[in-house]
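Q: Following this message is one structure expressed as structure tokens.
The values are calculated or read from the model by the stated rules, or taken from the named source; none is laboratory data. Just so we're clear, the structure is a prediction, and the values are computed from it rather than from any experiment. Because the Cβ atoms are built from the backbone with ideal geometry, glycine has one as well, and the counts that use them run over all protein chains shown. Accessible surface is based on the protein model in full, side chains and every heavy atom, while ligands, DNA and RNA are left aside. Shrake-Rupley method; radii C 1.70, N 1.55, O 1.52, S 1.80 Å.
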Amino acid sequence: MSGALKEVRNRIKSVQSTQQITKAMKMVSAAKLRRAQDAITQMRPYAQKLQEMLSNIVSNNDGDVNVSLADHRPVENVLIIIVTSDRGLCGGYNSNLIKLAKQVIKEKYQTQFEKGNVQILPIGKKGYEHFSKNKYKVIDKFWDIFTGLSFEKVQAAAQYAMNAFAHKEFDAIELVYSEFKNAATQMFVDEPFLPVQKIEPKEGQKKADFIFEPGKDVLITELMPKILNTQLFKAVLDANASEHGARMTAMDKASDNANELLKALKISYNRARQAAITTELTEIVSGAAALQG
């Protein structure tokens with residue numbers, strides 16, 4: 001019985017050590033989540049208003065200004081920008097994003113994919129590793145953005161995508177990321193990044209009438225790239241908050257599971273110890289009876 005007792009004791013120590021790690025990781029993620037949540041909460045209304053304004057301007061452009069980033073053309077070449085995390089231990093966060101990206105390719109761009117005309121631009125190490133290992137065409141310039149996350153790093157990725165679209169290297173660019181709702185809820189979304197989408201006016205709704213100063217062409221040329229930079233930065237901030245929320249939730253569940261496992265192990269340990277004591281008592285009583293006999 002001593003061997004069985006030692007084995008259970010070692011397992012208890014192992015689970016306790018793991019639980020200490022999961023609790024520590026939960027606390028770290030909770031602290032990071034607060035900062036990330038503040039960042040995306042402050043950014044989101046601004047980004048949404050900019051996007052709305054951009055779509056309105058493009059929708060009301062009567063062809064007097066050439067807007068290359070809103071050029072809707074037959075789709076031959078596609079770029080998928082996918083935002084994952086650099087690290088794991090965050091439940092199904094990364095696998096769900098990768099699954100969504102593959103689903104988008106299958107449902108929207110299967111023909112282009114079969115021709116080898118779909119490329120992946122991963123932001124985050126996990127996405128980069130997965131698509132590289134699985135022989136996808138990967139652009140490996142921006143996957144390390146989360147190492148010292150800044151607007152300038154995200155802007156470089158957005159600028160690359162805009163230049164490639166303007167030079168007709170890609171005809172459609174999709175953005176796959178996780179939209180942050182709360183610590184326990186992430187919305188995995190796919191939305192078009194380029195070309196800029198037009199808003200169809202509802203029946204009876206008047207077109208927005210903008211007064212442009214200094215001039216429509218100057219404003220659109222200057223404003224559109226800045227708004228698209230902001231859109232990608234918003235998606236990255238959303239993903240950053242989602243990652244920390246997912247990791248905090250995963251570590252909380254892991255700590256709870258460790259508690260359940262410890263209860264079961266302690267019951268097993270007590271039973272084994274009682275069995276060992278009973279065996280020893282039986283041996284003592286038998287030995288005493290033999291001596292008396």
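Q: Relative to the Cα centre, what is the charge dipole magnitude of the range 7-148, using +1 at the beta carbon of each Lys and Arg, -1 at the beta carbon of each Asp and Glu, and rounding to the nearest 20 debye?
A: 1140 debye
Q: Leu54 accessible area, nearest 10 Å², 1.4 Å probe?
A: About 10 Å², rounded to the nearest 10.
Q: A follow-up question, please. Rounded, prolate or oblate, given the Cα gyration tensor of the range 87-180, with a/c below 1.5 counting as rounded?
A: Judged from the Cα gyration tensor, the range 87-180 comes out oblate (a/c at least 1.5, b/c at or above a/b).
Q: In terms of solvent-accessible area of protein heavy atoms at a 1.4 angstrom probe, what is the ranking of Asp140, Asp238, highest value first?
A: Order by accessible area, largest first: Asp140, Asp238.
Q: Can you send over the carbon and sulfur percentage of the accessible area for the chain, probe radius 1.4 Å, protein chains only?
A: So the carbon and sulfur contribution to the accessible surface is 52 percent.
Q: On to the next question. Dipole magnitude of the chain about its Cα centre, charges +1 at Lys/Arg Cβ and -1 at Asp/Glu Cβ only, in debye to the nearest 20?
A: That gives a dipole near 1460 debye.
Q: Now for a different question. Under the classification rounded if a/c is under 1.5, otherwise prolate if a/b is larger than b/c and oblate if not, where does the range 1-118 fall, given a ≥ b ≥ c as square roots of the Cα gyration tensor eigenvalues?
A: Since a/c reaches 1.5 but b/c is at least a/b, the shape of the range 1-118 is classed as oblate.
Q: Hey, what number do you get for the chain at 222 nm if only DSSP H runs of n ≥ 4 count, each worth -39500 (n - 2.57), divided across all residues, to the nearest 500?
A: -22500 deg cm²/dmol
Q: If you don't mind, another one. Probe 1.4 Å, all protein chains in place: accessible area of Glu7 in Å², nearest 10?
A: Glu7 has an accessible surface of roughly 120 Å² with all protein chains in place.
Q: What net charge do the residues around Val104 carry, taking every other residue with its C-beta under 11 Å from that of Val104, with Lys and Arg at +1 and Asp and Glu at -1?
A: 0
Q: Let me ask something additional. Suppose the Debye formula is applied to equal point scatterers at every Cα of the chain; what is log10 I(q)/I(0) at q = 0.10 Å⁻¹?
A: Normalising to I(0) and taking log10 leaves -0.66.
Q: Here's a follow-up. Quick check on the range 145-194: take the gyration tensor over C-alpha atoms, sort the square-rooted eigenvalues as a ≥ b ≥ c, and tell me if it's rounded (a/c under 1.5), prolate or oblate.
A: Oblate.
Q: Now for a different question. Rounded to the nearest whole Å², what accessible area per residue is found for the chain with the 1.4 Å probe?
A: Heavy-atom SASA per residue in the chain reads 57 Å².
Q: Sum up the charges of everything whose Cβ sits under 14 Å from the Cβ of Ala235, counting Lys and Arg as +1 and Asp and Glu as -1, but leave Ala235 out.
A: Local charge sum for Ala235: -3.
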